[in-house]
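Notes follow once the structure below has been shown.
Please treat every number below as a calculation from the coordinates, not as lab data. In this text the structure is predicted, and so the values were computed from the model without any measurement. Cβ atoms come from the backbone with ideal geometry, glycine included; neighbour counts cover every protein chain shown.
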Amino acid sequence: MVITGASSGIGAATAVACAKVGMDIVLSARRREKLEDVAGQVRALGRRAVVVVCDVDEDHEVAALFEEAMAAMGRVDVVFANAGYGLFASVLDTTDAEHRALFETNYFGTVRCLQCAVPVLRSTPDGLKHLLICSSAASELGVPMFGPYAATKAAQDAIAGAMRAELAHEGFWVTSIHPVGTATEFFDHAGRAEGPSLVFQTAEQVAGAILKAIRRPRAEVWPKPLARWAMGLATVWPGLTAWILRREARNIRRQQEGSKKN
Ligand SMILES: NC(=O)c1ccc[n+]([C@@H]2O[C@H](COP(=O)([O-])OP(=O)(O)OC[C@H]3O[C@@H](n4cnc5c(N)ncnc54)[C@H](OP(=O)(O)O)[C@@H]3O)[C@@H](O)[C@H]2O)c1
């Protein structure tokens, strides 16, 4: 299995969960030290771990990741395009550079990874041919202060759906993952101090749901099933959803005004 964004959070937890059931893992991200730490945990479980430093923003680094994975392992069955980050800012306050950088990593990083992964999975004899994409529950909703981020997650979801249909005849599975707020480094990088109030699950719980989907492939994984139902209701009642999101935006505004005064 090849995992991007394996140096922390959901990617690292998935690597460990998959190693526990006997999978060898190629771990990639930008921070080598953190990757080596996760690799140590995989090896302690008796499985092989290969570390490849790779920035998903760079075409040649993503291509090299899959070349190194094949050279080291001889086959790739599952690819988890997970690398990504959040940005806590209103749409108007998000600069053009921030907007583009977010899409470069979350959306184009995923596309790069999938485009390199498919030929490698095709060339693996009797392989599982499974692509997993870490989208978000935010793929379904324009969450206030996470608008540009949610847009990248909706874009990932759109290509997951298209590829699921386009590659089905070759025996591929394409699964999008839709976590709600998860206790990882995500909120530190996103710049939201109040992150923990949005955290509803652990990375290990998300990893458990991903492992289930590798064993029994499905279109989407919602580690908190209630979130799936909530998003369904949000689609059916857009007026109610808009009212709830307006209140959330107002609460955030008040918090920000309060912290400016203090
Ligand atoms: N935590 C949540 O509440 C939540 C909810 C829904 C969806 N998600 C999604 O879950 C995925 C994993 O996030 P997480 O929650 O586990 O947060 P995390 O602990 O911050 O992990 C993010 C991972 O992505 C890697 N990454 C970031 N930019 C990269 C780049 N340009 N190239 C390669 N790797 C890069 C980071 O590694 P390096 O810094 O070492 O490169 C890290 O391993 C993301 O796609 C995120 O959008 C998270």
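Brief remarks on what is shown
- Protection-proxy order for peptides 112-118, 23-29, 60-66, 240-246, each taking the mean of Cβ atoms within 10 Å per residue, highest first: 23-29, 112-118, 60-66, 240-246
- Reported to the nearest whole Å, the Cα centre-to-centre distance from region 23-65 to region 224-241 is 36.
- Radius 15 Å from Cβ of Ala97, net charge of other residues (Lys, Arg +1; Asp, Glu -1): -4
- Just so you know, the Cα atoms of the chain work out to an Rg and Dmax of 18.4, 63 Å.
- Under 5 Å between amide hydrogens, built in the peptide plane, is the criterion, and for Val26 it picks out Val2, Ile3, Val50 among residues at least 5 positions away or on other chains.
- Dipole of the chain, positive direction: furthest Cα of Ala81, Gly232, His178, with charges on the beta-carbon: Gly232
- Computed about its Cα centre, the charge dipole of the chain is approximately 980 debye, with only Lys, Arg, Asp and Glu carrying charge at their Cβ.
- Net dipole in debye of region 104-164 [+1 Lys, Arg Cβ; -1 Asp, Glu Cβ; about Cα centre; nearest 20]: 160 debye
- Cα gyration tensor shape for region 201-254, rounded if a/c is under 1.5, else prolate or oblate: oblate
- Residue order, fewest to most surrounding Cβ atoms within 10 angstrom, among Ser8, Ser136, Ser123, Ser90: Ser123, Ser90, Ser8, Ser136
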